[in-house]
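*Asks:* Could you have a look at this structure, given as structure tokens, before my questions?
The values are calculated or read from the model by the stated rules, or taken from the named source; none is laboratory data. Bear in mind the structure is a predicted one, so any value in this text is a computation, not a measurement. Cβ sites come from the backbone with ideal geometry, for glycine too, and all protein chains shown count toward neighbours.
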Amino acid sequence: MAPVSVAAFTDTYLPTVNGVSYTIQTWRDRWRDRGGTMRVVYPGCDEYEPELEEYPVRSLPFPMYEGFRLGTPRIPAAAENVEIVHAHTPFAVGLGGVRLARRKDLPLVTSYHTPTAEYADYLTSLPRVEHSIERLAKRYERWFLSHSDAVICPSEDARDRVRDTVDSDTPAVVLSNGVDVDFFAPTDPEPFRERYDLPDGPLVGYTGRHGYEKNLPEFLRAAAGLDATVVIGGDGPAREDLESLAADLDVDARFLGFLPREELPAFYSLLDVFVFSSPVETQGLVALEANACGTPVVGVDAGALSDTVEDGVTGYHYAHGDIAGCRAAVERVLDERDSLSRSCLDRREDLSVEHAVDQLAGLYGRVIDENGTE
């Protein structure tokens with residue numbers, strides 16, 4: 001029997017590079033491989049040509065959040081003939097998913113990828129206004145999630161946040177986004193090292209959005225006492241400040257800029273330690289990608305990273321704000337790098353997106369059965 005047909009609504013998608021975009025694309029591809037249909041509705045733009053089962057809606061750039069576009073809550077006709085609706089984001093396009101579920105009396109599943117209140121940082125720098133926006137965002141998030149028949153949370157920490165937000169009648173289910181372990185696997189990093197002119201010796205690094213919420217200055221301050229080169233991929237609004245801080249601290253830091261996805265396995269494989277200092281993650285997918293490539297992670301003991309990193313197995317934690325503790329954790333991983341790398345690789349199948357999609361299929365089936373949808 002083919003998997004159920006799904007309409008997935010998202011306010012962020014390719015060509016914007018983030019974990020949500022790639023998770024949706026990967027799930028869609030795996031769903032198709034299994035003979036199913038997952039139609040993706042997203043904000044369209046001239047820079048991206050839609051593929052099969054992708055349906056853009058009209059959108060405008062959002063000037064306060066680089067790479068984000070404001071879509072419209074339209075429902076393409078091709079997305080209407082489905083058995084279940086999955087809203088990945090709570091903004092305009094996500095509202096289109098809620099409208100479709102209501103109009104067609106279809107089950108609705110939502111994903112909790114990012115707390116809505118975090119976007120307040122991008123709208124204002126005035127504390128009083130920011131707090132007001134955060135309160136409104138939390139109320140709106142409660143309203144949005146409460147329309148769901150199930151909320152998918154990528155970690156136990158995210159599930160706890162959802163349970164604090166919505167009433168107890170809305171099931172919150174832990175389901176990892178999963179990692180494409182066929183793609184994210186150990187690879188020869190030397191061509192990458194040569195291409196970016198990186199030195200021999202210990203390399204510690206990070207890749208992802210350079211947002212202020214990612215807490216990257218903590219990583220750089222910890223690196224100031226390390227005998228290692230810092231390698232940072234990605235880009236974002238905090239990059240200029242980070243480069244200035246690294247210079248002030250006299251840290252040997254190489255900022256590589258945006259890395260194409262096809263280069264990420266080599267980037268991870270090149271690092272001796274991946275450092276993730278962000279306390280606001282709902283899963284921390286890049287940490288799992290690093291692990292799948294055999295690279296252990298030093299992660300802040302906050303948010304989802306408290307669960308994503310397993311001490312002594314896939315890396316080590318340090319307390320949020322403890323710069324000396326971060327430095328000590330990196331040094332410990334450097335000392336145990338070989339054994340930690342082996343244990344990371346032993347756990348690759350547990351991280352796989354195939355495992356995640358198996359769980360997703362089971363969840364869709366349960367929600368449909370509970371709603372009596374034929």
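*Asks:* Among the numbered conditions (1) free of Cβ contacts under 8 Å to residues at least 24 places away in the same chain; (2) over 20 Å from Ser111 (Cα atoms); (3) touching a strand residue (DSSP E or B) at 6+ places or on another chain (Cβ under 9 Å), tell me where Cys45 comes up short.
*Replies:* That leaves (1) as the condition not met.
*Asks:* Residue by residue through region 37-64, note down the ones that are modelled with pLDDT under 95 and under 19 Å from Ala87 (Cβ atoms).
*Replies:* Passing the criteria: only Phe62.
*Asks:* Given the criterion over 30 Å from Arg28 (Cα atoms) and more than 19 Å from the chain's Cα centre (by Cα), identify the matching residue among Arg332, Arg366.
*Replies:* Arg332
*Asks:* Could you list, in sequence order, the residues of region 19-34 that are out of contact with any Asp or Glu (no Cβ under 8 Å at 6 or more places or on another chain), buried (at least 18 other Cβ atoms within 10 Å of the Cβ) and under 17 Å from Gly365 (Cα atoms)?
*Replies:* Residues satisfying the conditions are Trp27, Trp31.
*Asks:* Continuing with the same structure: Only one residue in Leu60, Leu100 is in a strand (DSSP E or B), more than 23 Å from Gly19 (Cβ to Cβ) and of a type outside the set (Val, Ile, Thr). Which one?
*Replies:* After applying the criteria, what remains is Leu60.
*Asks:* Would you be able to tell me the number of residues in region 43-65 that are of a type in the set (A, V, I, L, M) and under 22 Å from the mean Cα position of the chain (by Cα)?
*Replies:* Total meeting the criteria: 1.
*Asks:* For region 310-335, which residues satisfy the criterion of being out of contact with any His (no Cβ under 7 Å at 6 or more places or on another chain) and exposed (fewer than 15 other Cβ atoms within 10 Å of the Cβ)?
*Replies:* Gly312, Ala319, Gly321, Ala324, Asp335
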